[in-house]
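Please treat every number below as a calculation from the coordinates, not as lab data. Fair warning: this is a prediction, and the values are worked out from it, not measured in the lab. As a convention, Cβ positions derive from the backbone with ideal geometry for all residues, glycine included, and neighbour counts pool all protein chains shown.
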Amino acid sequence: MAPEDNEPVLDWPLPVGEPGREVWYSLVSPTDDSVAFWYRYTLLSTEGGRQEGRLWAALTDREDPDRSVFVTRSVPFEQVRARGTPSFSLTIDDDELTSASAVGSIPLDADGDGEDADHGDPGHEGGEVSWDLSYDPDPYSFTPLRSERLTNALAKTVGTGKHWSANEAVRMDGEVTVGDRTIEFEDAPGHQGHTLGSSPPDSWTWIQCNDFEDRSVVLEALDIEGTLSICLRRDGEVHALNRLKHVVGPKSNTTEHDEPGFWRFSGSGEGVDLRVTVRAPEDVKWQTVSYMAPDESLRYNAHCSLADVTLTYTLDGDAPVTLESSAGRAEWVGAEPPLPDREYPPEW
């Protein structure tokens with residue numbers, strides 16, 4: 001991982017009224033795929049003057065969906081410290097994220113002041129959600145466009161923002177506690193990313209999975225309003241379909257079908273041909289939330305941390321290989337709710 005891929009890009013704290021949003025997030029699931037945990041550290045400054053640092057965490061329980069939980073907590077900028085070189089760290093109140101570890105905690109009960117929210121199982125009354133996780137950094141960082149120059153130009157002119165899968169595929173150790181329940185993680189498949197922008201896209205679809213039977217295989221794909229970037233890694237080799245020709249044009253990656261809960265896409269180049277199907281199982285709870293963009297518009301996120309993934313790939317003309325996983329991290333995000341019949345509690 002390039003050290004700068006996790007360093008804060010915006011000069012926090014921003015002046016009041018200057019729009020910006022910078023997010024560091026991570027996901028992990030134990031090797032039995034029984035649960036999935038997702039946490040985020042967010043800094044936000046809106047055109048209307050709202051400014052905050054925020055933590056949020058979501059636990060998805062496959063075996064008992066009623067034990068799934070989403071919680072969030074905000075703090076004023078006075079309690080935020082973002083540091084880059086010589087080593088990255090972001091501290092919100094007493095909770096810290098670095099390039100190789102994360103600790104945090106959020107009370108399970110809302111305090112009624114409108115700043116915190118608890119959208120979990122009422123049976124979790126009392127206590128908190130806390131996490132203490134560590135991992136060896138990933139030497140490879142994936143970006144939707146390989147060209148840094150083009151990425152910078154689009155971020156400036158179109159407002160597409162920037163994204164780094166700074167630790168695209170890692171193995172995490174540690175524990176997560178939800179109330180009186182503690183979940184241990186050992187050598188667990190994990191992912192950590194960093195994204196920012198003053199005006200996020202209206203919609204996108206994303207998948208990441210490093211929980212296949214072949215532990216060396218990593219899949220990630222991001223479709224932003226019809227432009228699709230894909231990355232396949234196997235045995236230490238990277239096949240990144242993220243050049244301009246892969247993203248737009250007659251030979252670009254193809255999204256064949258995309259609706260919340262079902263996504264099929266394909267791509268070819270860089271020594272690989274692949275086709276992927278992503279499905280959200282009916283018995284797995286969606287995590288849904290709405291959050292505020294810097295222009296104070298809303299984005300609605302429908303996230304499935306335990307999605308079914310079928311990957312078929314061919315490397316350099318060899319025989320096709322098909323792999324499956326039940327622990328893909330998939331999400332559908334839009335300016336309108338991707339699943340209109342679901343509730344999208346605000347994160348603030």
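Would you mind putting 303-312, 270-279 in packing order, based on average other-beta-carbon counts within 10 Å, highest first?
Working: 303-312: 21.6, 270-279: 19.1.
Top to bottom by mean Cβ count within 10 Å: 303-312, 270-279.
As a rough guide to protection, the peptides 294-302, 180-188, 192-200 ranked by mean Cβ packing within 10 Å, highest first, stand as 192-200, 294-302, 180-188. In angstrom, the C-alpha Rg and Dmax of the chain are 19.0, 60. Cα centroids of the range 129-191 and the range 1-50: how far apart, whole angstrom? A separation of 10 Å, based on Cα centres. Based on DSSP H segments of at least four residues, each scored -39500 (n - 2.57), the chain has a per-residue ellipticity at 222 nm of -1000 deg cm²/dmol.
If packing is taken as the average count of other Cβ atoms within 10 Å, what order do 212-221, 241-250, 317-326 fall into, highest mean first?
On the way: 212-221: 18.5, 241-250: 15.8, 317-326: 12.4.
Final packing ranking: 212-221, 241-250, 317-326.
Put one equal scatterer on each alpha carbon of the range 184-235, apply the Debye formula with no solvent term, and list log10 I(q)/I(0) at q = 0.14, 0.16, 0.17 1/Å to two decimals. Taken in order of the listed q values, log10 I(q)/I(0) reads -0.49, -0.61, -0.67. Step through the residues of the range 226-231 one at a time and calculate ³J(HN,Hα) from phi using the Karplus curve (6.51 cos²θ - 1.76 cosθ + 1.60, θ = phi - 60°), rounding each to whole Hz and writing x for Gly and Pro. 3J(HN,Hα) across the range 226-231, in whole Hz: x, 9, 10, 10, 9, 9.
As I understand it, the dipole of the range 3-334 uses +1 on the Cβ of Lys and Arg and -1 on the Cβ of Asp and Glu, about the Cα centre. Which of VAL218, PHE77, VAL284 lies farthest toward its positive end? Final value for the positive-end residue is VAL218.
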